[in-house]
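A short worksheet on the structure shown next.
Every read-out reported here was derived from the displayed coordinates using simple, explicitly stated rules and does not represent laboratory data. Here the structure is a predicted model, which is why all the values come from computation and not from measurement. Counting neighbours? That spans all protein chains shown, and the Cβs are built from the backbone with ideal geometry, glycine included.
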Amino acid sequence: MNDVRFKGSVLSLFRIVVGLLFVCHGLASIFGVLGGNRGTGQPVPMGQWPGWWAALIQLVCGGLVLIGLLTRPAALLASGSMAYAYFTVHQEKGLLPMTNGGEAAAMFCWSFLLVAVLGAGPWAVDALLRRDRTELTDRSTDRRAAATA
């Protein structure tokens, strides 16, 4: 059965959940909330490389993906940051994610890549903006056609 009735809704829900989880990681690292950086209760020192910058990407890109604004570029940057984290932080501890602690980085990397490829889905600011732009273009075309008739 090739039923696609829920495809857009499920894609939107997936994007929202992944974005929210990414925002939580950023909040924890930057502000020390939600358990703080790696459960220490402490924020990452401002400007510290790469942790603070990674947390900033998590917060900003996660928020953009969450609301569905500039979704594809934000998801692509988030995916790349998680690939970087996996290969520079986790892989030196072992080959497989289960042994090097990189499961979250790998899952976020592939999840954001999926969102970057498939888009935001219908429940997104991007979709609203696209709809408004289409309506404006249609009205403008209708006016031009009426003026030339």
- Message: I'm trying to understand the selection: among the residues of the range 78-117, which are over 16 Å from the mean Cα position of the chain (by Cα) and farther than 21 Å from P50 by Cα?
- Response: L95, L96, M98, T99
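Quick one: which of G121, G63, G102, G80 is buried (at least 20 other Cβ atoms within 10 Å of the Cβ) and under 26 Å from S12 (Cβ atoms)? It would help to see each step written out before you state the result.
Numbers: G63 fails: buried (at least 20 other Cβ atoms within 10 Å of the Cβ); G102 fails: under 26 Å from S12 (Cβ atoms); G80 fails: buried (at least 20 other Cβ atoms within 10 Å of the Cβ).
Exactly one residue qualifies, and that residue is G121.
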- Query: out of contact with any helix residue (DSSP H, G or I) (no Cβ under 6 Å at 6 or more places or on another chain), charged (D, E, K, R), part of a helix (DSSP H, G or I) and within 24 Å of V4 (Cα to Cα), is that true of R38?
  - Reply: no
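Here's a check for you: in the range 90-118, which residue that is part of a loop (DSSP other than H, G, I, E, B) and not aliphatic (A, V, I, L, M) is farthest from V18 (Cα to Cα)?
Of the range 90-118, the ones part of a loop (DSSP other than H, G, I, E, B) are 94-96, 101-102.
Those still in the list that are not aliphatic (A, V, I, L, M) too: 94, 101-102.
Values: G94: 26, G101: 19, G102: 16 Å.
Out of the qualifying residues, it is G94.
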- Note on the structure: Picked from the range 68-77 (must be crowded, with 19+ Cβ neighbours inside 10 Å and part of a helix (DSSP H, G or I)), the residue nearest to the chain's Cα centre (by Cα) is A75
